[in-house]
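Computed from the coordinates by the stated procedures, all read-outs in this text should not be read as laboratory data. On a predicted model such as this, the values are computed, not experimentally measured, just so you know. Positions of Cβ are backbone-derived with ideal geometry, glycine not excepted, and every protein chain shown enters the neighbour counts.
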Amino acid sequence: MVAVAQKLKHSLRTRDVSESVPPREKRKKIVAMPLLHQVSHNLKRTGKRAGVEVVFSAPKKLAGMCKKVNRRNGESHRCSVRHVKQFVERKKGVIYSLPLSCGKQYVGQTGRCINQRLKEHHDNVARVATCGHVAEHCRDCRSDENHSEPCEPMYRDCNMIGKHRDALTREIQEAHVIAKLQDMCISAPLSSIVPKRNQIP
């Protein structure tokens with residue numbers, strides 16, 4: 001009798017403990033998918049019937065759309081190449097202004113490193129090349145009152161006035177700066193950009 005009573009007592013205690021502990025909830029199955037109009041919501045309803053929770057991920061987030069927010073300290077414009085002649089800070093995809101000793105300036109743009117482009121200007125001027133606005137100007141211009149000293153580019157004073165990955169955007173910005181400087185600039189914008197720029201009020 002004592003043994004039976006103890007067994008019943010033990011079984012009652014076990015049942016009380018099991019009833020006090022709530023049953024463990026089953027983990028929901030979750031599936032993430034891109035948000036597609038109408039298709040995603042149909043799949044969400046189907047998944048709900050099958051016990052699967054469907055959640056949506058945004059294809060375009062604000063950080064991805066806004067380059068000012070998404071950019072990290074200008075790393076995308078920094079050149080990793082160590083040039084033999086480094087005139088200025090290594091940057092690529094820039095619009096730049098190269099001052100000349102006569103007081104005028106050359107405005108250009110490049111998708112490569114600015115130092116590589118400045119070296120090309122430097123080499124053209126040194127060879128008295130007939131190609132390129134900078135070389136032609138320095139060949140014909142005299143910067144002093146007696147017209148004896150040739151005009152020289154001041155490479156280390158080159159100023160980066162803008163930057164962008166897209167070439168067309170750089171060309172439009174370049175054309176705008178050239179038009180603003182007028183006679184103080186020796187550059188000429190691309191002919192394909194000029195009509196589009198003139199249409200802007």
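Details
- Were the residues from Leu168 through Phe56 laid out at 0.36 nm apart, the gain over their Cα-Cα distance would be 36.8 nm.
- Residue order, fewest to most beta carbons within 10 Å, for Thr110, Thr46, Thr169: Thr46, Thr169, Thr110
- If you take all other residues with their beta carbon under 12 Å from the beta carbon of Ala126, and give Lys and Arg +1 and Asp and Glu -1, the sum is +1.
- Taking His137, His37 and counting other C-beta atoms within 10 Å, the order from fewest to most: His37, His137
- Between the beta carbons of Gln116 and Lys48, assuming R0 = 35 Å, the FRET efficiency works out to 0.05 to the nearest 0.05.
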